[in-house]
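First up is the structure itself, then whatever we jot down about it.
The values are calculated or read from the model by the stated rules, or taken from the named source; none is laboratory data. As the structure is a computational prediction, the values presented were derived from the model and not from experiment. With ideal geometry, Cβ positions are generated from the backbone for all residues, glycine too; neighbour counts draw on all protein chains shown.
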């Protein structure tokens, strides 16, 4: 979440390039995406698409800034997580430099775990709001809420990104029912790899390892 993209579609085609989610830079985090995707009921391909767009697979992305790690978590989301789980993680933990997390692999695991729970609860809240919520819109709308780049949707829903554990307290968050070019890009990245991961937001299977050339994909919109 270090940037938002052009707020609402139609999306500028100027864009920039990110890794295809089957690239080794993104695919190296497949094990964690599988683990937490299965645990929270989220397609691991969706998790990898967010990693590609947010950090290009670099655990140290944003080190020393306001948004850090594989999924670019900021202080606000981390505070909500700590409050719900009765933990005391710092932003530096998400890059492997913290008082609790000291390796990149453990930092990646935590970043993906936090994101997977957040997006699972966002998907569930949106899906329950209507009898027929198209799967592509679920992907786009839910991930737009993660990025924070909001279009003209209504804020009729409140969801709880993190369940309370160990005596913690869950905090509600308003969620829109519309998407930005960020959400459009997440869906496009999944669609490029459709034969591997599919485009549904929901978990159906773990992703197997594959051999894939070093391909980049054009995303749309502009960084602002």
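Taking the criterion of being touching a residue at least 40 places away in the same chain (Cβ under 8 Å) and surrounded by 21 or more Cβ atoms within 10 Å (Cβ to Cβ), the residues of region 22-35 that qualify are 22, 23, 27, 29, 30, 32, 33.
Of all residues in region 114-135, those satisfying the criterion of being over 22 Å from residue 68 (Cα atoms) and out of contact with any helix residue (DSSP H, G or I) (no Cβ under 7 Å at 6 or more places or on another chain) are 124, 125, 128, 129, 130, 131, 132, 134, 135. For residues in region 188-212 being closer than 15 Å to residue 18 by Cα and free of Cβ contacts under 8 Å to residues at least 60 places away in the same chain, which is surrounded by the most Cβ atoms within 10 Å (Cβ to Cβ)? Among those that are closer than 15 Å to residue 18 by Cα and free of Cβ contacts under 8 Å to residues at least 60 places away in the same chain, it is 188. Scanning region 36-66 for residues that are over 15 Å from the mean Cα position of the chain (by Cα) and within 14 Å of residue 111 (Cα to Cα) yields 60, 62, 63. The condition of being in a loop (DSSP other than H, G, I, E, B), in contact with a helix residue (DSSP H, G or I) (Cβ under 6 Å, 6 or more places away or on another chain), modelled with pLDDT of 95 or more and surrounded by 20 or more Cβ atoms within 10 Å (Cβ to Cβ) holds for only one of 162, 179, that being 162.
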